[in-house]
1. Would you work out which of H66, P44, T87 lies farthest towards the positive end of the dipole of the range 29-92, given +1 charges on the beta-carbon of Lys and Arg and -1 on that of Asp and Glu, about the Cα centre?
2. Please name whichever of A32, G114, H124 sits farthest to the positive end of the charge dipole of the chain, dipole taken about the Cα centre and charges placed at Cβ: Lys and Arg +1, Asp and Glu -1.
3. What 222 nm value per residue comes from the helices of the chain, counting each DSSP H run with n ≥ 4 as -39,500 (n - 2.57) and dividing by all residues, nearest 500 deg cm²/dmol?
4. Report, in whole Å, the centroid distance computed from the Cα atoms of the range 78-112 and the range 47-71.
5. Stokes-Einstein diffusion coefficient for the range 3-66 at 37 °C in a medium of 0.692 mPa s, Rh from the Kirkwood formula over Cα pairs: what value in µm²/s?
6. Give me the tail of P(r) for the chain as a percent: Cα-Cα pairs with distance above 23 Å.
7. Using the beta-carbon distance between R38 and Q104 and R0 = 41 Å, what value does 1/(1 + (r/R0)^6) give for FRET efficiency, to the nearest 0.05?
8. Where does the longest stretch of the chain lie that holds no GluC sites (Glu not before Pro) found in a DSSP loop with 16 or fewer other Cβ atoms within 10 Å?
Amino acid sequence: MSQGTPTPLFVDTGGFYAAFVEDDANHARASAVFDTIRAGKYGPIFTSRYVLAELATVILYRKSHHHAVSTLEEIRASETINVVPVTDAMFDAAHERFVDYDDQEIAFFDHLGGALAREYEIEHVFTFDPDDFHTLGLTVVPDDTGEGSRRD
């Protein structure tokens, strides 16, 4: 990709959580990533319904129902974020990888994200759980790309 062409990006649960929960340890780094998205470095931006389901559940249990609802509504109303379904073929591909990676403890949600990334030719994922996505061959934002300052 040329330097001026935005990089497609898949946003995982941890990226959204850190961005929308101000007292999260990675909030400043997540805000920096969203600043780079607004500046045009990344795009189009993708996530899945499964990510939103996991995000709503985590925010519900860690924060509140109101916070979970307002976060979901903001993401779903965004003109920047494409919430895409996981097709049967993507689900089947994630299942096959989940079965094949029997020597790894990679969450099925992360395999779904990997299947979606392959389907949409996305090489970058915004997450704060880098190990699984590195194993799946993806570039992790911000760990691999440097947006935001590292935690001390």
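The values are calculated or read from the model by the stated rules, or taken from the named source; none is laboratory data. Remember, predicted model here, so these are calculated numbers, not experimental data. Methodologically, a virtual Cβ is constructed for each residue, glycine included, from the backbone with ideal geometry; neighbour enumeration extends over all protein chains shown. Ligands, DNA and RNA are stripped out before the accessible areas are found, and what is left, the full protein with its side chains, is counted by its heavy atoms. Shrake-Rupley method; radii C 1.70, N 1.55, O 1.52, S 1.80 Å.
1. With unit charges placed on the Cβ atoms, the residue in question is H66.
2. A32
3. Taken over the chain, the calculation gives -15500 deg cm²/dmol.
4. Centre-to-centre distance over Cα atoms comes out at 19 Å.
5. Taking Rh from Cα pairs, D becomes 263 µm²/s.
6. 34 percent
7. 0.75
8. Counting only loop sites that pass the neighbour cut-off, the longest clear stretch is 23-78.
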